[in-house]
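*Asks:* Let me begin by handing over the structure; questions about it come next.
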Amino acid sequence: MAASTTLCNFGRSKEENTDFFCKNHKSLYESLPPDYAYHICNYQEVADGKCEAEFRIDISNEADAKLWLEKYQQLTKVTFRVEATKLKNGWVNLFKVFYRCQHKTLPRSETASQKMSSKNTNCPAKLAVNVKKIPGKLSK
């Protein structure tokens with residue numbers, strides 16, 4: 001099953017937005033795991049084929065977020081490592097983690113990257129995963 005994509009209003013109808021995005025930003029569309037419904041809120045091409053995208057997925061817990069991340073890593077052939085985490089506060093965020101590419105090793109010295117054994121490629125891939133609590137019905 002292919003991924004379904006919905007876009008925020010960019011001055012076109014919903015169908016026109018989806019067709020426009022799928023044709024003009026094929027690399028991002030094809031890198032998203034199928035079987036999920038995506039709501040793309042922001043997309044910018046930065047430079048040299050690099051992009052920044054913000055999208056929402058119908059995921060409601062940490063296990064589903066990690067499963068999506070595994071599928072994304074398999075599809076893109078990029079392995080992500082945890083860069084930072086935020087505390088679960090329970091009110092808004094259920095899970096918030098920032099990831100970086102495994103080949104951005106953040107060497108401690110300038111000469112460390114120059115060694116033949118260095119695995120640092122300064123890979124620019126980053127990912128922030130945030131699972132927010134869905135406001136439910138308030139009862140007394």
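*Asks:* Identify all residues within segment 63-97 that are acidic (Asp, Glu) and surrounded by fewer than 14 Cβ atoms within 10 Å (Cβ to Cβ); write none if there are none.
*Replies:* The one that is acidic (Asp, Glu) and surrounded by fewer than 14 Cβ atoms within 10 Å (Cβ to Cβ): 70.
*Asks:* Just checking, how many residues over segment 57-77 are under 22 Å from residue 132 (Cβ atoms) and in a loop (DSSP other than H, G, I, E, B)?
*Replies:* Residues meeting the conditions: 4.
*Asks:* Same structure again: Please find, within segment 78-88, the residue that is modelled with the lowest pLDDT out of those that are in a loop (DSSP other than H, G, I, E, B) and more than 18 Å from residue 59 (Cβ to Cβ).
*Replies:* My answer is 87.
The values are calculated or read from the model by the stated rules, or taken from the named source; none is laboratory data. Quick caveat, the model's predicted, so the values are computed rather than measured. Glycine gets a Cβ as well: all are built from the backbone with ideal geometry, and neighbour counts include every protein chain shown.
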